[in-house]
């Protein structure tokens, strides 16, 4: 079994307010920042090539963070196609794609894989981002997996598990290999610091379900040697490379955010949650700043404060 990170964005940041504030801001320091990035994952079983998520659409412009940005995933390092090629794989080799959830930074390049079976929780399949003829709705009919009530076996050693909360169909992938359990979880947490501190992010569709999922994840980790593979922090790549097993009683020291490289703002804005691009030219010339305070992303329904200049 080979697991590789598909590296897409690097050198970003997220605020503690975004990563920790889901159940209230008490004790949250809005000045604290954690490192951010964007990567998805590839599983090569020897018989199949399985992707977990497919990144941001290639045409989405880079974000330009400012002092109000809650999360900035960083500067694009590779398109998904280029990142896959650098790992030594071609789209036609991919047999299955497991979607953790519908947001555009996880589903953005599904169009590259017309011959792969795209697995998604049935609750996600009505989403605009998943309107492909090769989508396979999953009902998780293979019974419990450890302390999780439901599961779907995808391949020997590869399990797909409901992880509702961040979205109503959010899912988790667990890969068993060499006595370790590699947990690819989408956005159950945005950064590993939140896992250790038992905190939920402010991005969710069902807060009680998100709490239940995080509790189940932590219970699994407490009883299984788990390598935690996140999407929005470079700790995902670092954990994978080091095969670092989570010890919930001994959180690692956070590495400071490095210097942030900023581009030139264009007047467009990008949703940092789902990748939707607001272009004034497509909305009668109305500037993003002039939209009503209660305006929400038309795709993921997040408020204006989740958008960054592009």
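The values are calculated or read from the model by the stated rules, or taken from the named source; none is laboratory data. Here the structure is a predicted model, which is why all the values come from computation and not from measurement. Backbone-built Cβ (ideal geometry, glycine too); neighbour counts: all protein chains shown.
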Assess whether residue 89 counts as being farther than 22 Å from residue 304 by Cα, modelled with pLDDT of 95 or more, surrounded by 19 or more Cβ atoms within 10 Å (Cβ to Cβ) and in the same structural domain as residue 135 (by TED's automatic domain parsing). no
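Residues of region 39-58 being at negative phi and surrounded by fewer than 18 Cβ atoms within 10 Å (Cβ to Cβ), which ones? It would help to see each step written out before you state the result.
Of the residues in region 39-58, the ones at negative phi are 39-45, 47-52, 54, 56-58.
Within region 39-58, 44, 47, 48, 58 qualify.
The rows are residues; the columns are (1) assigned to a strand (DSSP E or B); (2) in contact with a helix residue (DSSP H, G or I) (Cβ under 9 Å, 6 or more places away or on another chain); (3) not assigned by TED's automatic domain parsing to the domain that holds residue 18.
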{"position": "172", "(1), (2), (3)": "yes, yes, no"}
{"position": "193", "(1), (2), (3)": "no, yes, no"}
{"position": "205", "(1), (2), (3)": "no, no, no"}
{"position": "208", "(1), (2), (3)": "no, no, no"}
{"position": "211", "(1), (2), (3)": "no, yes, no"}
{"position": "214", "(1), (2), (3)": "no, yes, no"}
{"position": "227", "(1), (2), (3)": "yes, yes, no"}
{"position": "236", "(1), (2), (3)": "no, yes, no"}
{"position": "248", "(1), (2), (3)": "no, yes, yes"}
Give the number of residues within region 234-251 that are farther than 16 Å from residue 43 by Cβ, surrounded by fewer than 16 Cβ atoms within 10 Å (Cβ to Cβ) and in contact (Cβ under 8 Å) with a residue 60 or more places away in the chain. 1
State which residue is modelled with the highest pLDDT when the search covers only region 261-303 and only residues that are more than 19 Å from the chain's Cα centre (by Cα), buried (at least 16 other Cβ atoms within 10 Å of the Cβ) and assigned to a loop (DSSP other than H, G, I, E, B). 291
When you go through 221, 154, 184, 161 one by one, which is the residue that is more than 19 Å from residue 40 (Cα to Cα) and either at pLDDT 95 or above or touching a strand residue (DSSP E or B) at 6+ places or on another chain (Cβ under 8 Å) (or both)? 221
Region 147-171, subset within 17 Å of residue 229 (Cα to Cα) and touching a residue at least 24 places away in the same chain (Cβ under 8 Å), residue surrounded by the fewest Cβ atoms within 10 Å (Cβ to Cβ): 157
Please state which one of 95, 115 is in a strand (DSSP E or B), modelled with pLDDT of 95 or more and farther than 28 Å from residue 218 by Cα. 95
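Yes or no, residue by residue, for (1) under 19 Å from the mean Cα position of the chain (by Cα); (2) touching a residue at least 12 places away in the same chain (Cβ under 8 Å); (3) under 28 Å from residue 19 (Cβ atoms):
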position	(1), (2), (3)
64	no, yes, yes
70	yes, yes, yes
79	yes, yes, yes
83	yes, yes, yes
90	no, no, no
104	yes, yes, yes
107	yes, yes, yes
121	yes, yes, yes
140	no, yes, yes
